[in-house]
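Colleague: Quick one: structure below, then a few questions.
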Amino acid sequence: MSENRVVIEKPQGNGLAVAGLVLGIIGVVLNIIPFLPYVLGIMAIIFGIVGLNQPVKQGMAKASLVLGIVTIGLKILFWLFVFGIGSA
């Protein structure tokens, strides 16, 4: 009798890209909190860059990179607006 073996390959994932995407989304949503978005944005950028080096799910890595940059940019614009209004 011959044995039939079935080999099932588990699809590869990019955990760093997913983590960066989650951190970027949280950073954008919680942008009103004073210092948390800086940390979340920087971590999203780092995870996005490292996730781009992996061959799978590079779209998520690019999205986390963009969201990290948007988070930092929104926070800088927020402080510019606050100090612009306060000094006027």
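Just so you know, all these numbers are worked out from the coordinates, no wet-lab data involved. These numbers come from a predicted model, not from an experiment. Note: ideal-geometry Cβ built from the backbone for every residue, glycine included; neighbour counts use all protein chains shown.
Colleague: Of everything in the stretch 34-86 that's in contact with a Gly (Cβ under 7 Å, 6 or more places away or on another chain) and hydroxyl-bearing (Ser, Thr, Tyr), which residue is farthest from Gly13 (Cα to Cα)?
Modeller: Looking at the filtered set, the residue picked out is Thr71.
Colleague: Another question, then. Could you grab the pairs with beta carbons closer than 9 Å, sequence gap of 6+ or different chains, first residue in the stretch 11-28 and over 12 Å from Met43 (Cβ atoms), second one of a type in the set (Lys, Arg) and surrounded by fewer than 18 Cβ atoms within 10 Å (Cβ to Cβ)?
Modeller: Once the first residue is over 12 Å from Met43 (Cβ atoms) and sits in the stretch 11-28, its partners that are of a type in the set (Lys, Arg) and surrounded by fewer than 18 Cβ atoms within 10 Å (Cβ to Cβ) give Ala17/Lys62.
Colleague: When you scan the stretch 39-51, do you find a residue that is more than 13 Å from the chain's Cα centre (by Cα) and either buried (at least 19 other Cβ atoms within 10 Å of the Cβ) or part of a helix (DSSP H, G or I) (or both), even just one?
Modeller: There is no residue in the stretch 39-51 that is more than 13 Å from the chain's Cα centre (by Cα) and either buried (at least 19 other Cβ atoms within 10 Å of the Cβ) or part of a helix (DSSP H, G or I) (or both).
Colleague: Among all residue pairs at least 6 apart or on different chains, which show Cβ distances below 6 Å where the first residue, located in the stretch 48-66, is at negative phi and the second is aromatic (Phe, Trp, Tyr) and surrounded by 15 or more Cβ atoms within 10 Å (Cβ to Cβ)?
Modeller: Ser64/Phe47
Colleague: When you scan the stretch 67-78, do you find a residue that is of a type outside the set (Val, Ile, Thr) and in contact with a Lys or Arg (Cβ under 8 Å, 6 or more places away or on another chain), even just one?
Modeller: No - not one qualifying residue is present in the stretch 67-78.
Colleague: Could you please find all residues in the stretch 29-38 being in a helix (DSSP H, G or I) and either in contact (Cβ under 8 Å) with a residue 24 or more places away in the chain or within 17 Å of Phe81 (Cβ to Cβ) (or both)?
Modeller: Pro37, Tyr38
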